[in-house]
Amino acid sequence: MKTITKNTLQQYLKEATTTLLDMARNTCWNTISNHTSFIISEIPNDVEELRKMHIERKKINDKKIPKPLHQVATELELIYENLYDINLYVYKSEKDRTIVEIQYFPKSSLDPEFYKIVKENAPMVHCKIATPLYQNDKTKKYDVNWELGGIKYKSSMFWHRLKFNWKYRKQRKFDPAVMKRLLDELWLQSDNGSTSIDHIWFSISEVSKSTNKKRKEVQEYLDFLVNNKYLEMISEDPLLYSFTKDGIEVIGLKQANE
């Protein structure tokens, strides 16, 4: 493995970018452009800040102006002695451009005792392609832009959360047919998500009869929708439910694809 020096950092990042794009082409179905630009992010040491960075990543990064490699390399060279780990990610794949995010972890954020050990070390460089939580089939390619969200991502996460919920919290086997039947019924009663649902127990009863499941079992699927904020109770008396914004997006996409 080559030692990265301040003078060779730009060339090393160029080679790493080529590796990253090849990795993306092997795992994702997107057309990955060789025309690249870059943004830089510091990896925080604080756990809470790291969580916040992950949640608000898109909002923060979309405010940054992507730059050519030589410009970001110059910025990193200025802090070369403080660089411990450098990670390259595909932040966004566009038709004619690939935006690469370079995340770095500074040595100054390390534990003081460990810092003494590595303070003279050259930085490490890694190329990473993030994998969606719902990607169970490792041979199937996925959207490299999945971390940016969107309706298809929300729909995939909906089914992933549902299956996870049943696998680890329920004794009964998850039956996708029950959820699909319940969603169809609620979507019908809400006039395609535009009005409130005022006969929820009737809907549960209808799904129970058509799927041959007990009403208590159907209720568990309804509870999942509420607990994960796809559906909300907007009134207790009279009892009214309504699809949330995420619920309308996810269920609307499901209906459009059928």
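The values are calculated or read from the model by the stated rules, or taken from the named source; none is laboratory data. Please read these numbers as outputs of a predicted model, since none were measured by experiment. Don't worry about glycine lacking a Cβ; one is built from the backbone with ideal geometry, like all the others, and counts go over all protein chains shown.
Numerical summary
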quantity: Flag if LYS107 is within 30 Å of the chain's Cα centre (by Cα), farther than 19 Å from ALA16 by Cβ and surrounded by 13 or more Cβ atoms within 10 Å (Cβ to Cβ); calculated: yes
quantity: Which numbered condition GLU113 misses (of (1) at pLDDT 95 or above; (2) surrounded by fewer than 19 Cβ atoms within 10 Å (Cβ to Cβ); (3) not small (Gly, Ala, Ser)); calculated: (1)
quantity: Residue among ALA122, ALA130 that is of a type in the set (A, V, I, L, M) and over 25 Å from the mean Cα position of the chain (by Cα); calculated: ALA122
quantity: Odd one out for GLN219, checked against (1) polar (S, T, N, Q); (2) at pLDDT 85 or above; (3) farther than 19 Å from ALA177 by Cβ; calculated: (3)
quantity: Total residues in the stretch 93-122, condition of a type outside the set (Lys, Arg) and either farther than 20 Å from TYR12 by Cβ or free of Cβ contacts under 8 Å to residues at least 12 places away in the same chain (or both); calculated: 13
quantity: Residues being assigned to a strand (DSSP E or B), of a type in the set (Asp, Glu) and farther than 14 Å from ALA130 by Cβ - total across the stretch 83-108; calculated: 1
quantity: Yes/no for THR211 being β-branched (Val, Ile, Thr) and either in contact with a Phe, Trp or Tyr (Cβ under 7 Å, 6 or more places away or on another chain) or surrounded by fewer than 13 Cβ atoms within 10 Å (Cβ to Cβ) (or both); calculated: no
quantity: Every residue from the stretch 1-34 that is among the aromatic types (Phe, Trp, Tyr) and closer than 24 Å to ASN121 by Cβ; calculated: TYR12
quantity: Residues satisfying the stated conditions in the stretch 207-222, i.e. under 21 Å from ILE234 (Cβ atoms) and free of Cβ contacts under 8 Å to residues at least 24 places away in the same chain; calculated: GLN219
quantity: Enumerated helices (runs of 4 or more DSSP H) restricted to the stretch 1-73, each holding at least 1 residues that are surrounded by 17 or more Cβ atoms within 10 Å (Cβ to Cβ), among the polar types (S, T, N, Q) and modelled with pLDDT of 95 or more; calculated: 9-27
